[in-house]
Amino acid sequence: MTDKRGIHTPNRRTLLKGASAMAAFAALGRFPTPAIAQGAPLRVGFMLPYSGTYTKLGKFIDDAFRLYVEQKGGRLGGRNVEFVQVDDESEPAKATDNMNRLVSREKVDVVVGTVHSGVAMAMAKVARDTNSMLIIPNAGANAATGPMCAPNIWRTSFSNWQPGFPMGKVMYDAGHRNVMTITWRYAAGQEMVDAFKENFTKAGGKIVEELYLPFPQVEFQPLITQIATKKPDAVFSFFAGGGAVKFVKDYAAAGLKSSIPLYGTGFLTDGTLQAQGADAEGIKTTLHYADDLDNPANKAFLAAFKKKTGQDGDVYAVQGYDAAALLNIGLSAVGGDMAARDKMIAAMRAAKIDSPRGPISFSTAHNVVQNIYLREVKGGLNRYVSIAHAALADPARGCKLSS
Ligand code: BEZ
């Protein structure tokens, strides 16, 4: 069968055959290594949103991963690289089939994906069941490097807890005591709000009310009216991509920008500033990246990304670039032989990457240990203000991996 994107779709019998073969590999403690011959190209499967509200996020991850590969002469760990793309549409209901397609039908060596936490959870389950290599270049679902953690599951972005938690102290220290929260009701929004609340209430702050709407809806007006009526000291929010653009513009249009300060995790204003314009000026957010980070890796990355795509890089591009860097470290340690699983994983665990976001390393749960920055939008850039929390590791609650 061939789907509307021209990608061959496995039938049910093929999928089941593939799944039992994968289970056998898992029992052997080896990665399924379909293209293991040293001369064979490494098959990288991108499972990313190429449509919907997160389209730009997926595209930037894809572009930056390819940029890194190009900078290495088209090779990772000495092997030529070829790509397969699947549009996951940020649709959790389709995620298991899409992931199985890449692993069983397309026989990729590694899956890189995705952006949406709900989709990533389904991917992590398939990766665990089939012992396939998965590198998550955005989705922050805490469980992926918590209860679902596994030797073959890695993340080069953040856990949802990481950018949310430091904002609790930032907003309390700014004098805010009564805060409302607003986000989409799915894992990313819920977990970022929970992390913010954890730190804000510990400091003595009070949550006046939590507002939610279903992902990816953008009918913000009734909720913004509730904020105007309740008049909290400030608002904490998570939105990203196209939804973030509209939320920031609607908030300003409602006249709240100057009376009730809007904060959030940095996704609110990352990759969105051109479209948000003056309405985003002055918004403070916490994230593991800022546009003007003054380090050579960031300057070189932004210049190279601009040259390749004509666009300004952002946090999503950085995460995609670092996904390729991590894979390269693992593959280089084993001369491109992904069957040398233990050695490859040991090299990835020891990885220290001079990322555009600053120095990063990896926790026992395979999540990034990184600085979280306080940023402020000034002159159309997310500018560095301070380090909100240095070298922050996710608590990895429920992860059973040990070092
Ligand atoms: C998530 O679903 O995990 C997510 C999506 C966009 C930005 C940040 C997190």
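The values are calculated or read from the model by the stated rules, or taken from the named source; none is laboratory data. Keep in mind that what you see is a predicted model, and the values were worked out from it rather than measured. Positions of Cβ are backbone-derived with ideal geometry, glycine not excepted, and every protein chain shown enters the neighbour counts. These accessible areas exclude ligands, DNA and RNA; they are computed on the full protein's heavy atoms, side chains included. Shrake-Rupley method; radii C 1.70, N 1.55, O 1.52, S 1.80 Å.
How do 326-332, 376-382 rank on mean C-beta neighbours within 10 Å, highest first?
Going by the mean number of other Cβ atoms within 10 Å, highest first, we get 326-332, 376-382.
For segment 307-403, the square roots a ≥ b ≥ c of the C-alpha gyration tensor eigenvalues yield an a/c of 1.5 or more together with a/b not exceeding b/c, which makes the shape oblate.
Ordered from longest to shortest, the equivalent ellipsoid semi-axes for segment 234-373 are 35, 16, 12 Å, each the square root of 5 times a Cα gyration tensor eigenvalue. This model, with +1 at the C-beta of Lys and Arg and -1 at the C-beta of Asp and Glu, gives the chain a dipole about its Cα centre of some 740 debye. Positive-end ranking of T309, I153, Y68 along the dipole of the chain, with charges on Cβ about the Cα centre, is headed by I153. Here, the chain yields an orientationally averaged convex hull projection of 18.5 nm² when only Cα atoms define the hull. With all protein chains in place and ligands, DNA and RNA left out, the 1.4 Å accessible area ranks Y316, Y212 as Y212, Y316, largest first. Excluding ligands, DNA and RNA, the accessible surface per residue across the chain is 37 Å² with a 1.4 Å probe. Looking at the square roots a ≥ b ≥ c of the eigenvalues of the Cα gyration tensor of segment 279-335, which shape do they give, rounded for a/c under 1.5, prolate if a/b is larger than b/c, or oblate? Judged from the Cα gyration tensor, segment 279-335 comes out prolate (a/c at least 1.5, a/b above b/c).
For segment 312-364, the Cβ-based charge dipole about the Cα centre amounts to some 260 debye (Lys, Arg positive; Asp, Glu negative; other atoms uncharged). Heavy-atom accessible area for V108, with the other protein chains in place and a 1.4 Å probe, reaches approximately 10 Å². When peptides 240-248, 216-224 are ranked by their average number of other Cβ atoms within 10 Å per residue, the highest-first order is 240-248, 216-224.
Local charge for Y172 was computed over the other residues whose Cβ lies under 15 Å away, with Lys and Arg +1 and Asp and Glu -1, and equals +3.
Report, in degrees rounded to the nearest 10, the 0 to 90 angle that the Cα long axis of helix 221-230 makes with the longest principal axis of the chain. For helix 221-230, the angle is close to 50 degrees. Roughly how far apart, in whole Å, are the Cα centres of segment 40-61 and segment 237-272? Segment 40-61 and segment 237-272 have Cα centres spaced 25 Å from each other. Taking label points 7 Å from Cα along the Cα-to-Cβ direction, S332 and T364 give a separation of 2.8 nm.
Report, in degrees rounded to the nearest 10, the 0 to 90 angle that the Cα long axis of helix 117-130 makes with the longest principal axis of the chain. The angle comes out at about 20 degrees.
In segment 95-169, what percent of the accessible surface is made up of carbon and sulfur (1.4 Å probe, ligands and nucleic acids excluded)? Mind showing how you got there, number by number?
Numbers: 730 of 1390 Å².
The nonpolar share, carbon plus sulfur, comes to 53 percent.
Compared with the dominant principal axis of the Cα atoms in the chain, helix 187-203 is inclined by about 50°.
Expressed as a whole percent, the accessible surface of segment 192-262 that belongs to carbon and sulfur atoms is 57, based on a 1.4 Å probe.
Peptides 116-123, 256-263, ordered by how many other C-beta atoms sit within 10 Å of their residues on average, highest first, read 116-123, 256-263. Charging the Cβ of each Asp and Glu at -1 and of each Lys and Arg at +1, and nothing else, the dipole of segment 211-307 about its Cα centre rounds to 80 debye.
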